[in-house]
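> My structure is below; once you've seen it, I'll send some questions.
The values are calculated or read from the model by the stated rules, or taken from the named source; none is laboratory data. Predicted model only: the values in this text are computed from it and were never measured. In this analysis, Cβ positions are derived from the backbone assuming ideal geometry, glycine residues included, and neighbour counts consider all displayed protein chains. Note: accessible area is taken over every heavy atom of the protein model, side chains too, but ligands, DNA and RNA are not part of it. Shrake-Rupley method; radii C 1.70, N 1.55, O 1.52, S 1.80 Å.
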Amino acid sequence: MMSPVEPSGAGGKWLDAHYDPVAGLHTFSSCVDLADLSGDGESRLVVGDLGSGPSGGGMKLKVYRGTALMSESALLDLPAGLVAFFMDLHEPRIPAVAVASGPCVYVYKNLRPYFKFTLPGLEVNSLEQDVWQQVGAGQIDPLTLREMLEAVRKKADVPLSVRSLRFLSLEPGDMDEFVQLHKQQPIRRQTVITCIGTLKKSTADEDGVSCLVIGTESCDVFVLDPEAFIILSKMSLPAAPTMMDVTGQFDVEFRITVACRNGNIYILRRESDKPKYSIKLSSHPVGLVRVGKNVVVGCSDESLQGFTQKGKKLWKAVLPAPITAMAAMDLPSRGFQAVLLGLANCEVHLYRDKNLLSTIKTPDVVSSICFGRYGREDGTLIVTTKGGGLMVKILKRTAAFDDRDGAAGPPPAQSIRLNVPKKTKLYVDQTLRERESGLAMHRAFQMDLSRLRLAAAKAYAEALESRLTPMSSGPAEPLKMNAVVQGLGPSFKLTLNVQNTAACRPVVNLAVSFLYDEGLYRMRNPYLRIPLLVPGLVYPVETFVECTSDKGISDIIKVFVLHEGRSAPLLTAHINMPVSEGLTLN
């Protein structure tokens, strides 16, 4: 169901609180959060800014209060995620901020650096370690080192370290200097963090102590203790995680819904270190939000899909543009839950299930969305744009979304009673006949169906033998062709649309030959070469035909598609030429 664009001001559901097109914020939804960092009841906006330079320079942790920048701190690496969480029970209840960056999690308390957690190192390839030890002892030269590392990379199960991969990418003239610089240093293999979330420790209170949940490039998920920052639990995934949504309590029961780089979604539970359920998607996920007990996934094929927590698909909604940002909209005071989508067409859509409730126009493409309590307003929508702008909108207290849009179930038209006509005598007689002679009628139907299938099979076999089909039957060259004749005569334009229907293999060295009555027609190019056919694209091949007869008759022109230098055609088509209505050209 389509929803009109919400107007700003008094006529819409949202109030325009602030817009700064030059705020200089370049971030994503995973690096934005709202938290009361001062304990005064006013929530601040915490942003992990990626920087605006081509190399990602100027990365900072920025905190906004209202419309003003309150503080900023430099970050050492690009942030992969940012969360605010309560790490202890001390008073006053002020949350800490955790920033995932590279292989580390930087914890800030009172906006000051408090703790740094580094992921444990990965297993190093033993063969790679032996090779570097030989280099350190001076037993092999850099060229031999390169050959041995190439052999190790092809055969070993454990990937090479960053040092070896960087060495293999060097030019021969730079290898010796690199070896002299690193040969005495121990080899380490380190993973990086791809996503981060929070999990309540033992209570579901809003200010309850939370654990950090970390997804890594090595396909692992770690749950960290909020005080000692030791690993409480480790779970493995089939692929590297990119997004996650966490619910429950660590000491009771929890579910971690993870979207992975292989295009699937996995659900982890407390009692297992492997995924309990999995959801296979038709395209890669670009957004993941939990609404109640259901999982809502935004996909790269411009669709929004809903699933149960066991992986059963509930619904699918088609979007007008690709998704650029996605976040949950939760208003506990109203009992309202929905999904906010930032689209590439400069719009923000609000969905509840598959129903579109509201549309907001934005001046630029949305890069991140965050909804929650900002300042003292519970229903605040914060949007950053691709150009670095910051937009703040407040949901009106009188705003009401149409319940009919969000109601699940069949459409209203389904409840309208149909006007079924009364049973006639003919209908009753036919019913009695079918009841008494049902077996004979079924046998006659099966006999006619078998004859129809036999006739169709014979016709198909004859068409394949004579190659009179618009599609090739052989597996070697899967082609498809149709012809279009344009003109009233005596000159006609003949266009052949040729398509390669293979999945990924192009077709080359093809030609088109025409067979026609030279007493009736004259063609400019009776033999044409076809360029390389890329799979999926339609290539038009054009030529012109002139009718040389003044008797007002027409004939068939045969078209053959064949390999150059071969006589057996791949495709054959018969084109019924129209009768010429103009003067003949002699």
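> The stretch 40-196: D in µm²/s via Stokes-Einstein (Kirkwood Rh, Cα pairs, 20 °C, 1.002 mPa s)?
This corresponds to a translational diffusion coefficient of 114 µm²/s.
> Sticking with this structure for a sec: Report, as a whole number in µm² per second, the diffusion coefficient that Stokes-Einstein gives for the stretch 219-326 at 25 °C and 0.890 mPa s using the Kirkwood radius over alpha carbon pairs.
170
> Kindly express, to the nearest 10 degrees and within the range 0 to 90, the angle between helix 172-182's C-alpha long axis and the longest C-alpha principal axis of the chain.
Helix 172-182 and the main axis of the chain meet at about 30 degrees.
> Report the relative contact order of the chain, percent, no decimals, based on alpha-carbon pairs under 8 angstrom and at least 6 residues apart.
Over the chain, the number comes to 10 percent.
> Tell me the angle of helix 126-136 to the major Cα principal axis of the chain, expressed in degrees between 0 and 90 and rounded to the nearest ten.
70
> Just need the relative contact order of the stretch 53-152 here, percent rounded to a whole number, with Cα pairs under 8 Å and 6+ apart.
Worked out over the stretch 53-152, it gives 13 percent.
> Which value, in Å³ per residue, describes the convex hull spanned by the Cα atoms of the stretch 128-219? Mind dumping the intermediate values first?
Numbers: hull volume 13.0 nm³, N = 92.
Taking only Cα atoms, the stretch 128-219 has a hull volume of 142 Å³ per residue.
> Output the 0 to 90 degree angle, nearest 10, between the alpha-carbon long axis of helix 142-155 and the longest principal axis computed from the alpha carbons of the chain.
Here the helix axis deviates by roughly 70 degrees.
> Where does each of His349, His90 land when they are ordered by accessible area, with a 1.4 Å probe and the largest first?
From most accessible down to least: His90, His349.
> Let me ask something else about it. Per residue, what accessible area does the chain have, given a 1.4 Å probe and all protein chains present, in Å²?
54
> What is the stretch 89-200's relative contact order, in percent, from Cα pairs under 8 angstrom and six or more apart in sequence?
On the way: 115 pairs, mean separation 34.3, N = 112.
Rounded, it is 31 percent for the stretch 89-200.
> Looking at Thr242, Ala399, Leu75, which one has the Cα that reaches farthest to the positive end of the dipole of the chain (charges on Cβ: Lys, Arg +1; Asp, Glu -1)?
It is Ala399.
> I've got another one for you. Amide H neighbours of Trp315 under 5 Å, at least 5 residues apart or on other chains, H built in the peptide plane: list them.
Gly306
> How large is the dipole of the chain about the Cα centre if only Lys and Arg carry +1 and Asp and Glu carry -1, each at its Cβ, rounded to the nearest 20 debye?
Details: 65 positive and 61 negative charges, 400 e Å.
Value, rounded to 20: 1920 debye.
> Right, another one. May I have the convex hull volume per residue, in Å³, for the Cα set of the stretch 509-578?
Each residue corresponds to 97 Å³ of Cα convex hull volume.
> Can you tell me how the stretch 340-393 classifies by the Cα gyration tensor, rounded, prolate or oblate, using a/c under 1.5 as the rounded cut?
It comes out oblate by the Cα gyration axes.
> Follow-up. Restricting everything to alpha-carbon atoms, can you work out Rg to Rh for the stretch 56-130 with a Kirkwood hydrodynamic radius?
1.13
> So, with a 1.4 angstrom probe, what is the percent of accessible area on the stretch 148-306 that is carbon and sulfur?
47
> Just the Cα atoms of the stretch 157-277: what Rg and Dmax do they give in Å?
When restricted to Cα atoms, the stretch 157-277 yields Rg and Dmax of 18.8, 61 Å.
> If you don't mind, there's one more thing I want to ask. Which peptide among 530-540, 69-79 comes first, and what is the full order, when sorted by highest mean count of other Cβ atoms within 10 Å?
69-79, 530-540
> Using only alpha carbons, build the gyration tensor for the chain and give me the equivalent ellipsoid semi-axes, biggest first, whole Å.
Largest first, the chain gives 59, 40, 28 Å.
> I would also like to ask the following. Using helices alone, what [θ] at 222 nm do you get for the chain, with -39,500 (n - 2.57) per DSSP H run of 4 or more residues, divided over all residues and rounded to the nearest 500?
Numbers: 7 runs with 88 residues, N = 586.
The per-residue figure over the chain is -4500 deg cm²/dmol.
> Hey, can you rank 32-40, 92-100, 115-123 by average C-beta count inside 10 Å, highest first?
For the peptides 32-40, 92-100, 115-123, the packing ranking is 92-100, 32-40, 115-123.
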